[in-house]
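Chemist: Below is one structure. I have some questions about it.
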Amino acid sequence: MTESLKLTVDDQRDGLAVIYTDGYINNQGGEEIAQVAYRLIDGGNKKLLLNLAKTKIVNSIGISILIEIIEKMMDIDGKLAFCSLTPTIEKTFNIMGLAQYAGIYADEESAIEGLQ
């Protein structure tokens, strides 16, 4: 698959930034998310929300990069959450253990509440 990932960021929320993904999270897409996440962290955001409403596939390399972001958030006592996952992605995240370290929410509104 060569579908590229598009990212949009809303970081106007008092230390909470929302990253919207649109496309396939593979090694390239994961790296793009990591670059944006690290820039947001360096900018003072300690809470990140990845809204995956427009992402249908995350491969194993993409997941490993998301785990690196989780570890970075833990290093700064920050919080990372995911919302609007497909049932398959949610099941994969649970199996891979991401749900132990990052919140998984049905929608953006409940995720923002959970991160506050």
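The values are calculated or read from the model by the stated rules, or taken from the named source; none is laboratory data. Remember, predicted model here, so these are calculated numbers, not experimental data. Cβ coordinates were reconstructed from backbone atoms using ideal geometry, including for glycine residues, and neighbour counts include every protein chain displayed.
Chemist: Within segment 101-112, which residues are assigned to a helix (DSSP H, G or I) and either among the aliphatic types (A, V, I, L, M) or in contact with a helix residue (DSSP H, G or I) (Cβ under 8 Å, 6 or more places away or on another chain) (or both)?
Modeler: Across segment 101-112, the qualifying residues are Ala111, Ile112.
Chemist: Which condition number in (1) out of contact with any Asp or Glu (no Cβ under 7 Å at 6 or more places or on another chain); (2) over 18 Å from Ser84 (Cα atoms); (3) not aromatic (Phe, Trp, Tyr) is the one that Leu48 fails?
Modeler: Exception for Leu48: condition (2).
Chemist: Also: With (1) aliphatic (A, V, I, L, M); (2) surrounded by fewer than 19 Cβ atoms within 10 Å (Cβ to Cβ); (3) at pLDDT 95 or above as the list, and Met1 as the residue in question, which single condition is left unmet?
Modeler: (3)
Chemist: Moving on to the next point. Please indicate, with yes or no, whether at least one residue in segment 76-86 is out of contact with any helix residue (DSSP H, G or I) (no Cβ under 9 Å at 6 or more places or on another chain) and without any contact (Cβ under 8 Å) to a residue 24 or more places away in the chain.
Modeler: Scanning segment 76-86 turns up no residue that is out of contact with any helix residue (DSSP H, G or I) (no Cβ under 9 Å at 6 or more places or on another chain) and without any contact (Cβ under 8 Å) to a residue 24 or more places away in the chain.
Chemist: Can you name the condition, by its number, that Asp10 falls short on among (1) at pLDDT 95 or above; (2) touching a strand residue (DSSP E or B) at 6+ places or on another chain (Cβ under 9 Å)?
Modeler: Every listed condition holds for Asp10 apart from (1).
Chemist: Next up: Scan segment 19-52 for residues that are under 11 Å from the mean Cα position of the chain (by Cα) and either of a type in the set (Gly, Ala, Ser) or within 14 Å of Gly78 (Cβ to Cβ) (or both) and jot them down.
Modeler: Scanning segment 19-52 gives Ile19, Gly30, Ala34, Ala37, Lys47, Leu48, Leu49, Leu50.
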